[in-house]
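Everything on this sheet refers to the single structure shown next.
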Amino acid sequence: MAIAVFGGGCFWCTEAVFAAIDGVQTVEPGYCGGHVENPTYEQVCEKNTGHIEVVRIAFDPAVVSYETLLDVFFATHDPTTPGRQGNDVGPQYQSAIFYQDEAQFSAAKHAIHTIDASKKLDAPVCTELKPAEKFWVAEAYHHEFFERNPGQGYCQFVIAPKVQKFRSQFAERIKRGR
């Protein structure tokens, strides 16, 4: 298994999208990039720990490529708004890629260049490329949040449209039975 770590706003949204991809074994919500050891959600929400909400994805590169994961990542969040995703505002929602090796760095840099050159977005990509850092697993109640709480307001109005966008744009990538 290979590892990818992405910050695409609220980790509930990002987890729900990536968990549905064929070739993805696990998706764990957590925190990266900060200066506080073993941060809590409450500490990260105070906006002074330096952490970004991320997901750590274990995937089989023989089934799904890192480049495909990048395509999904950039298609299912707004990579042009620094420190926010919609109404979720704060440094913990920064778009970020914590690359695990030089190949991931090169692929991410190429993806950003391609998106910017296409002029399809209203602003340049502000996704931060950061070397791999300590990943802190989020509290248990954050895991599989969308799957466990589909009727909750945030899930219906924020997460469900992102999942639907993924399903319509990447139908061939959906796990069977999902």
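The values are calculated or read from the model by the stated rules, or taken from the named source; none is laboratory data. Everything numeric in this text was worked out from a predicted model, so none of it was measured. We place every Cβ from the backbone using ideal geometry, glycine too, and count neighbours over all the protein chains shown.
Being surrounded by 11 or more Cβ atoms within 10 Å (Cβ to Cβ) and among the aliphatic types (A, V, I, L, M) is the filter; apply it to the range 157-178 and report the residue that is nearest to ALA75 (Cα to Cα).
VAL163
May I ask you to say which residue of ALA103, ALA123 is more than 15 Å from the chain's Cα centre (by Cα) and farther than 19 Å from VAL5 by Cβ?
The unique qualifying residue is ALA123.
Return the residue satisfying two criteria in turn: it lies in the range 140-153 and is more than 17 Å from the chain's Cα centre (by Cα) and closer than 19 Å to GLU28 by Cα, and of such residues it is surrounded by the fewest Cβ atoms within 10 Å (Cβ to Cβ).
Out of the qualifying residues, it is ALA140.
At pLDDT below 95 and within 16 Å of VAL17 (Cα to Cα) - does that describe any residue in the range 83-103?
Yes, the range 83-103 contains at least one residue that is at pLDDT below 95 and within 16 Å of VAL17 (Cα to Cα).
Just to check your reading of the model, which residue among THR40, THR80 is surrounded by fewer than 17 Cβ atoms within 10 Å (Cβ to Cβ), among the hydroxyl-bearing types (Ser, Thr, Tyr) and touching a Pro at 6+ places or on another chain (Cβ under 7 Å)?
THR80
Out of all the residues in the range 162-172, is one or more under 18 Å from ALA4 (Cα atoms), in contact (Cβ under 8 Å) with a residue 12 or more places away in the chain and basic (Lys, Arg)?
no
Considering ALA123, ALA108, which residue is part of a loop (DSSP other than H, G, I, E, B) and free of Cβ contacts under 8 Å to residues at least 60 places away in the same chain?
Just a single option satisfies the conditions, and that option is ALA123.
Test LYS120 against the criterion of being surrounded by 11 or more Cβ atoms within 10 Å (Cβ to Cβ), at pLDDT below 95 and not acidic (Asp, Glu), and give yes or no.
No.
Filter the range 133-178 down to residues that are out of contact with any His (no Cβ under 8 Å at 6 or more places or on another chain) and part of a strand (DSSP E or B) and give me whichever is modelled with the highest pLDDT.
In this case the residue turns out to be VAL137.
Condition check ((1) surrounded by 14 or more Cβ atoms within 10 Å (Cβ to Cβ); (2) at pLDDT below 95; (3) among the hydroxyl-bearing types (Ser, Thr, Tyr)) across all residues:
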residue: ILE21; (1), (2), (3): yes, no, no
residue: CYS32; (1), (2), (3): yes, no, no
residue: ILE52; (1), (2), (3): yes, no, no
residue: VAL55; (1), (2), (3): yes, no, no
residue: ASP60; (1), (2), (3): no, no, no
residue: THR68; (1), (2), (3): yes, no, yes
